[in-house]
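**Q** Here it is: the structure, laid out below.
The values are calculated or read from the model by the stated rules, or taken from the named source; none is laboratory data. These numbers come from a predicted model, not from an experiment. Neighbour counts run over all protein chains shown; Cβ positions are idealised from the backbone, glycine included.
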């Protein structure tokens, strides 16, 4: 789904007062922040107030940046709007935070121009804790439930989800990597949230559903998996599940965002220990190369299973626009090898769902005809789609595609062996019955698959 721009509002608290009230310094700080984010300044204008305070607007080739200062409160409010892929609103935010020497910030983030939606996305606080009073709720026609309760807003167009926090905790960890903003929150004693670009991508209360379904379905559908390629190692959840399979002798894992990897190792110890364990056993090889670069050089080894661990596949243009991406993966598989990836929601992201299925078919089918992915209720290439519920996931439903490279084997599953595996490793979601029932799809999956 194309997105035309990023809109970020930042609140800078506890700034250095002597810097905020220095107009010349603020002008240079604003220009430097824009240049640091590879934005192209076009025109800068200021309005000065008495006895102090300034407002400034910088027009950039990619859109605009504006700031408003309250030196008496050591406070600055800023607004960043960037278009295109070269400049980032988050990079401007980070550079300005350093220049202002701000000790506390709050941010609101919003995608602009999310094409293909029937209804516009409302602009509500996102990735931020806030408190609504009774008067504020009565003034809002779209008021949220829960008087005097704190809510965390997570937006994945066209869905916005809110989670209630017991108290008003600060992020346990927050960092801006070269790829994304990474935050960790703990809304209560039993839950930890991993938040990327203010979108909740994992909750400790139900993340095991996603990782168990992603990993165990293909590893028990394959007759004898010994080598696995994991694209997107993240914080280590999928790797932990992989290490439960004693038949696997080689795992190559790729995670381009090293900072995400480090945050996961520090904050999700029950998952991140998987990395140390695999390295100690000599099973794991880890790369921090970008996905495209990694796939470009991986041609000397074939894998029984390739897993793509990603969350919001509807927004990944490289997967939606290029059949070549899936052709590279197909070339890395052994005969009868399996490739698994999450699918965009067929309801929320119908076009993306259709496009991914079409591109995968073209890459894996030796006699691809460009016809509908589904004929009746069967895939026209050797693949299965399966699903599971996920309360912290946008739309409440996970969907995966498992496709098999051509060979002479059939789909394989031994329920008795798998039940022993489930009991030994105490899986919390996946079992033999789930393996079968997860493949029973609603009719709408077949209807929307027609391209």
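**Q** Pairs please, first residue from the stretch 55-75 and on the phi > 0 side of the Ramachandran plot, second anywhere and surrounded by fewer than 21 Cβ atoms within 10 Å (Cβ to Cβ), Cβ atoms under 6 Å, 6+ apart in sequence or on different chains.
**A** Close Cβ pairs satisfying both conditions: 63/81; 63/83; 74/14; 74/17.
**Q** Can you spot a residue in the stretch 339-350 that is part of a helix (DSSP H, G or I), within 22 Å of residue 211 (Cα to Cα), touching a helix residue (DSSP H, G or I) at 6+ places or on another chain (Cβ under 8 Å) and at pLDDT 75 or above?
**A** Of all residues in the stretch 339-350, those part of a helix (DSSP H, G or I) come to 350.
With within 22 Å of residue 211 (Cα to Cα) added as a condition, the list becomes none.
No; the residues of the stretch 339-350 include none that is part of a helix (DSSP H, G or I), within 22 Å of residue 211 (Cα to Cα), touching a helix residue (DSSP H, G or I) at 6+ places or on another chain (Cβ under 8 Å) and at pLDDT 75 or above.
**Q** Something else now. If I filter the stretch 205-216 for residues that are touching a strand residue (DSSP E or B) at 6+ places or on another chain (Cβ under 8 Å), on the phi > 0 side of the Ramachandran plot and not in a strand (DSSP E or B), do I get at least one hit?
**A** There is no residue in the stretch 205-216 that is touching a strand residue (DSSP E or B) at 6+ places or on another chain (Cβ under 8 Å), on the phi > 0 side of the Ramachandran plot and not in a strand (DSSP E or B).
**Q** Also: Can you find, within the stretch 226-242, the residue that is modelled with the highest pLDDT among those that are part of a loop (DSSP other than H, G, I, E, B) and closer than 16 Å to residue 308 by Cα?
**A** 232
**Q** Residues that are buried (at least 22 other Cβ atoms within 10 Å of the Cβ): list the helices (runs of 4 or more DSSP H) wholly contained in the stretch 1-110 that include at least 2 such residues. Please lay out each step first, then the result.
**A** On the way: elements: 17-20, 23-36, 89-100.
Passing ranges, in order: 23-36, 89-100.
So that you can scan it fast, the table gives a plain yes or no per residue for (1) in contact with a strand residue (DSSP E or B) (Cβ under 6 Å, 6 or more places away or on another chain); (2) in a loop (DSSP other than H, G, I, E, B); (3) modelled with pLDDT under 85; (4) not assigned by TED's automatic domain parsing to the domain that holds residue 244:
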site: 356; (1), (2), (3), (4): no, no, no, no
site: 370; (1), (2), (3), (4): no, yes, yes, no
site: 387; (1), (2), (3), (4): yes, no, no, no
site: 399; (1), (2), (3), (4): yes, no, no, no
site: 406; (1), (2), (3), (4): no, yes, yes, no
site: 427; (1), (2), (3), (4): no, yes, no, no
site: 435; (1), (2), (3), (4): no, no, no, no
